[in-house]
Amino acid sequence: MAAVEVEGLVKKFKATTALAGVDLAVPEGTVLGLLGPNGAGKTTVVRILSTLLRADSGTARIFGKDVIAHPNDVRSMIGLTGQYAAVDEYLTGQENLEMIGRLYHLTRSDARQRATTLLERFDLADAADRIAKTYSGGMRRRLDIAASLIARPRVLFLDEPTTGLDPRSRIGMWEFIGSLVAEGTTILLTTQYLEEADRLADGIVVIDHGKVIARGTSDQLKSQVGGHRLEFTVSDAADLPILRERVAPLAVDDPVVDEQARSLSVPVRGGAEVLRDALRRLDDSGVTLVDVGLRRPDLDDVFLILTGHASETSPGGASSGGASSGGASSDGASDGGAPVATGRHALKGADQ
Ligand SMILES: Nc1ncnc2c1ncn2[C@@H]1O[C@H](COP(=O)(O)OP(=O)(O)OP(=O)(O)O)[C@@H](O)[C@H]1O
Ligand SMILES: [Mg+2]
């Protein structure tokens with residue numbers, strides 16, 4: 001039995017269809033990354049799963065317990081860190097956590113002990129007796145996540161857990177999340193940082209306009225948008241046409257030329273040997289390279305190609321389009337299989 005199972009979830013807010021039939025499953029002890037642009041429906045999925053919102057139709061279950069029929073059973077198994085910090089500003093860190101422990105019916109001394117342990121774990125022991133109002137954004141975020149762990153949930157929902165954290169705190173948070181998974185916690189994570197999904201998620205589901213448009217592991221999604229790219233930067237833009245001509249035989253799709261950046265990106269099949277081949281072809285060309293490299297598509301490329309927008313945080317978005325193979329259309333495919341593009345943003349070539 002999957003820890004989290006969602007089938008055919010539909011939710012409308014007046015004229016807005018937030019969810020138009022979402023299916024997903026999270027096997028126990030794994031991390032699912034739920035990705036999608038702003039307004040895609042991620043938080044709506046999380047709120048329905050955490051019993052805060054009722055779906056119009058479809059089912060959501062936590063370890064087999066339906067969120068509508070058995071909300072209390074569900075609540076006893078889950079922890080939620082919402083998209084916006086939910087700590088009480090006028091209580092200290094210690095008091096915030098003790099209060100939540102009491103809400104979960106821990107005895108006073110158990111609540112105190114659990115609060116102390118979690119504050120230590122989240123590097124907040126020194127700030128335990130300060131009111132949360134004086135915490136930095138990153139400290140609040142950590143307190144928030146600590147709060148969601150008070151009752152030792154089997155399933156944790158993290159809605160953009162690292163948004164607003166500096167890079168060092170983000171890496172710290174990834175380590176915390178990793179250690180929770182190592183202890184057996186199942187996690188559903190939404191994020192705008194694709195590197196975060198890449199690093200933490202066993203499986204990824206991409207939604208847009210309330211629909212699943214792709215699913216698979218990070219590697220499956222990357223290979224779905226095509227193989228490697230050869231990327232060249234030349235010292236003089238006037239060299240680009242000759243460069244392009246020389247490496248054209250290696251391209252498996254249209255090269256992308258960026259005159260301003262003096263760069264050329266060529267989709268290729270194969271690995272290091274293609275790079276060697278390309279350099280040989282340039283031997284007597286007179287082209288002066290300032291940079292050359294072989295790059296795998298990253299999740300930002302995948303996201304851009306799937307949704308048509310760059311992820312919010314990618315530096316300037318991904319480079320080119322040029323997707324190659326895509327899966328056949330099949331809405332609501334089960335998890336674990338090959339990645340499948342299912343939406344109207346289906347990968348180039350998916351419908352052929
Ligand atoms: N309570 C509500 N009332 C009306 N519309 C809502 C409500 N909650 C969500 N929506 C709408 O439903 C859609 C999905 O919103 P949701 O918050 O789930 O998106 P999201 O993927 O979490 O976005 P973000 O990345 O910005 O957090 C959006 O169009 C949003 O405006
Ligand atoms: Mg959201």
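GLY33 - would you say it is away from ligand 1 (no atom under 12 Å from the Cβ), in a strand (DSSP E or B) and farther than 16 Å from HIS209 by Cβ? Criteria met by GLY33. Would you confirm whether or not region 100-113 contains a residue that is closer than 18 Å to PRO161 by Cβ and more than 16 Å from ligand 1 (Cβ to nearest atom)? Within region 100-113 (the criterion being closer than 18 Å to PRO161 by Cβ and more than 16 Å from ligand 1 (Cβ to nearest atom)), the answer is yes, since at least one residue qualifies. Considering region 199-246, the qualifying strands (runs of 3 or more DSSP E), each wholly inside and each with 3 or more residues that are over 30 Å from PHE176 (Cβ atoms), run over 228-234.
Exactly one residue out of ALA151, ALA147 is within 21 Å of VAL46 (Cα to Cα), touching a helix residue (DSSP H, G or I) at 6+ places or on another chain (Cβ under 7 Å) and of a type in the set (A, V, I, L, M, F, W, C), and it is ALA147.
Filtering region 14-61 down to residues that are more than 16 Å from ligand 2 (Cβ to nearest atom) and of a type in the set (D, E, K, R), which residue is nearest to SER179 (Cα to Cα)? In this case the residue turns out to be GLU28. Screening region 59-168 for helices (runs of 4 or more DSSP H) wholly inside it with 2 or more residues that are modelled with pLDDT of 95 or more and over 22 Å from THR186 (Cβ atoms) returns the ranges 93-103, 108-121. Going through (1) surrounded by fewer than 18 Cβ atoms within 10 Å (Cβ to Cβ); (2) assigned to a strand (DSSP E or B); (3) within 16 Å of ligand 1 (Cβ to nearest atom); (4) among the charged types (D, E, K, R) one by one, ARG54 falls short only on (2).
Looking across THR81, THR116, THR92, one residue alone is touching a residue at least 60 places away in the same chain (Cβ under 8 Å) and surrounded by 15 or more Cβ atoms within 10 Å (Cβ to Cβ). It is THR81. Does THR186 fit the bill of being more than 14 Å from PHE303 (Cβ to Cβ), in contact with a Gly (Cβ under 9 Å, 6 or more places away or on another chain) and assigned by TED's automatic domain parsing to the domain that holds GLU28? Yes: the conditions hold for THR186.
Screening the candidates LEU97, LEU9 for the property of being touching a residue at least 40 places away in the same chain (Cβ under 8 Å), crowded, with 22+ Cβ neighbours inside 10 Å and under 26 Å from ARG121 (Cα atoms) yields one hit, LEU97.
The values are calculated or read from the model by the stated rules, or taken from the named source; none is laboratory data. Remember, it's a predicted structure, so these values are computed and weren't measured experimentally. Positions of Cβ are generated from backbone atoms using ideal geometry, with glycine treated the same way; all protein chains shown enter the neighbour counts.
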